[in-house]
Amino acid sequence: MKWTAKDVDMYEQTKEYVDTALIPCIPIGGTNMKAFAEMSEHVSLIANEVERQFKGRVMLFPPLTYFVHEQVQSRVREWTNMFKTFGFQHICFLTSHADVSDETFIYIPSLPLEHVDESYKQKIVRQQVEQVMDALVTKWTLKN
């Protein structure tokens, strides 16, 4: 489910089954803006596909957007606490920003895919989606 009025209505009716909040993390920087924009596009692409695969169990929220010089971990802790009060058992943050990657995040390396052959691009994205799905299944299994 996505952060849309239609999906939120559906969530309200089935929230006992939707136990995972998926939040893309999007860095913004004044230098190397194109690389950060690529990270944003890439993380959004992966997050949307993971949501599609796990629709009914995962709610995809709008991204946590931050400046690269921020200490984003404190915001992640705040968001995690809020999502737990909303009833989510599993809170997963996706990032392509290696500087913030720790056990709190599911890290997916961003690759500049704009000049890559479409079939190869699809293969890479599919592999990364599978990695995120595996990480989520592991979280679900360890917590239950």
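Could you please give the count of residues in the stretch 103-128 that are at pLDDT 80 or above, surrounded by 15 or more Cβ atoms within 10 Å (Cβ to Cβ) and either in a loop (DSSP other than H, G, I, E, B) or touching a Pro at 6+ places or on another chain (Cβ under 9 Å) (or both)?
3
Looking at the stretch 129-141, which of the residues that are surrounded by 13 or more Cβ atoms within 10 Å (Cβ to Cβ) and among the hydrophobic types (A, V, I, L, M, F, W, C) is nearest to Tyr66 (Cα to Cα)?
Only one residue tops the list, namely Val132.
State which residue is farthest from Arg126 (Cα to Cα) when the search covers only the stretch 19-57 and only residues that are of a type in the set (S, T, N, Q) and free of Cβ contacts under 8 Å to residues at least 12 places away in the same chain. Steps first, please.
Within the stretch 19-57, the subset of a type in the set (S, T, N, Q) is 20, 31-32, 40, 44, 48, 53.
Pick out the ones that are also free of Cβ contacts under 8 Å to residues at least 12 places away in the same chain and you get 31-32.
Details: Thr31: 30, Asn32: 27 Å.
The qualifying residue farthest from Arg126 (Cα to Cα) is Thr31.
Could you identify the single residue in Leu94, Leu111, Leu64, Leu60 that is touching a residue at least 40 places away in the same chain (Cβ under 8 Å), touching a Cys at 6+ places or on another chain (Cβ under 6 Å) and aliphatic (A, V, I, L, M)? Even if it seems obvious, please write down each step before you answer.
On the way: Leu94 fails: touching a Cys at 6+ places or on another chain (Cβ under 6 Å); Leu111 fails: touching a Cys at 6+ places or on another chain (Cβ under 6 Å); Leu60 fails: touching a Cys at 6+ places or on another chain (Cβ under 6 Å).
Checking each option against the conditions leaves just Leu64.
Within the stretch 52-72, restricting attention to residues that are in contact with a Phe, Trp or Tyr (Cβ under 8 Å, 6 or more places away or on another chain) and of a type in the set (A, V, I, L, M, F, W, C), which residue is nearest to Ile28 (Cα to Cα)?
Going through the stretch 52-72, the residues in contact with a Phe, Trp or Tyr (Cβ under 8 Å, 6 or more places away or on another chain) turn out to be 56-57, 59-62, 64, 68, 72.
Keeping just the survivors that are of a type in the set (A, V, I, L, M, F, W, C) gives 59-61, 64, 68, 72.
On the way: Met59: 24, Leu60: 20, Phe61: 18, Leu64: 11, Val68: 6, Val72: 12 Å.
Among residues in the stretch 52-72 that are in contact with a Phe, Trp or Tyr (Cβ under 8 Å, 6 or more places away or on another chain) and of a type in the set (A, V, I, L, M, F, W, C), the one nearest to Ile28 (Cα to Cα) is Val68.
The values are calculated or read from the model by the stated rules, or taken from the named source; none is laboratory data. Computed from a predicted model, the values in this text were never measured in an experiment. All Cβ positions, glycine included, derive from the backbone under ideal geometry; neighbour counts span all protein chains shown.
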